[in-house]
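Read the structure below first, then the notes.
Read-outs throughout are calculated quantities, based only on the coordinates presented, and are distinct from any laboratory measurement. The structure presented is a predicted model; accordingly, all values stated were derived computationally and were not measured. Neighbour counts run over all protein chains shown; Cβ positions are idealised from the backbone, glycine included.
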Amino acid sequence: MSSTETTSDFFAHETAVIDAGCTIGAGSKIWHFSHIMQDAVLGESCNIGQNVVVSPGVVLGRNVKVQNNVSLYTGVTCDDDVFLGPSCVFTNVTNPRSAVVRRGQYTSTRVGRGASIGANATVVCGHDIGEYAFIGAGAVVTKTVPAYALVIGNPAKQLGWMSAYGHRLTFDENGRAACPESGELYNLTSEGVTLSSVK
């Protein structure tokens, strides 16, 4: 874009590049030096930080927050309310080679509603992130992550469980835990964690 664009629908800084054929939801903001490519879809009220690449076919739900220097490659889908920390990276080819063209053979990754991915984390393609999961800073995700799971390290390993408000959950002998901020109650079973109710 040649100049700052402010409409009733969305805002884009004058240095942002927005290709024809993408869809940008109302209330979204796109900041310095970011590139939204053809056929990308941004939901309403998204915030795209500085120096972000959103590749063709990427889909972001409503209220997705993308911090500076994030690369979102074709095959990535983020559901509503996802947070992507600074410089986190998604891949879309499991065995890249410069001399071998694998365009069109991309492996998909889905990030569930409300999940957070920390700064400098890497998500290896083909491994979905469950809703409200919390990926620690610098983690390298090489497996599918369950809903509400807290994972850290390289390779990422599960350390515990998190509430939808981002607090560590401590379960009692009956597999029950309460979020200290929201009061929401959670159940832990062999199937994982589920939201039970509000106190």
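Database remark: amide H of V111 closer than 5 angstrom to the amide H of T77, C78, D79, I129 (H placed geometrically; neighbours at sequence offset of 5 or more, or on other chains; Pro and chain starts carry no H). The HN-Hα couplings worked out from phi for the stretch 49-65 by the Karplus form 6.51 cos²θ - 1.76 cosθ + 1.60 (θ = phi - 60°) are x, 6, 6, 9, 10, 10, 7, x, x, 5, 10, 10, x, 6, 6, 7, 9 Hz, whole numbers, x standing for Gly and Pro. Can you give me the Cα centroid spacing of the stretch 30-57 and the stretch 63-83 in angstrom? If you average the Cα positions of each part, the centres end up 9 Å apart.
The string of couplings for the stretch 75-83 from the Karplus curve (6.51, -1.76, 1.60, θ = phi - 60°) is x, 8, 10, 10, 6, 4, 6, 7, 10 Hz, one whole number per residue in order, with x for Gly and Pro. With θ taken as phi - 60° and the Karplus curve 6.51 cos²θ - 1.76 cosθ + 1.60 applied, the whole-hertz 3J(HN,Hα) list for the stretch 37-45 is 8, 3, 6, 6, 10, 10, x, 5, 6 Hz, x standing for glycine and proline. Computed across the stretch 5-170, the Kirkwood radius stands at 15.8 Å (inverse of mean 1/r, all Cα pairs).
A Cβ-based charge dipole, computed about the Cα centre of the chain with Lys and Arg at +1 and Asp and Glu at -1, lands at about 600 debye.
Peptides 10-17, 180-187, 86-93 ranked from most to least packed give 86-93, 10-17, 180-187, packing being the mean of other C-beta atoms within 10 angstrom over each peptide's residues.
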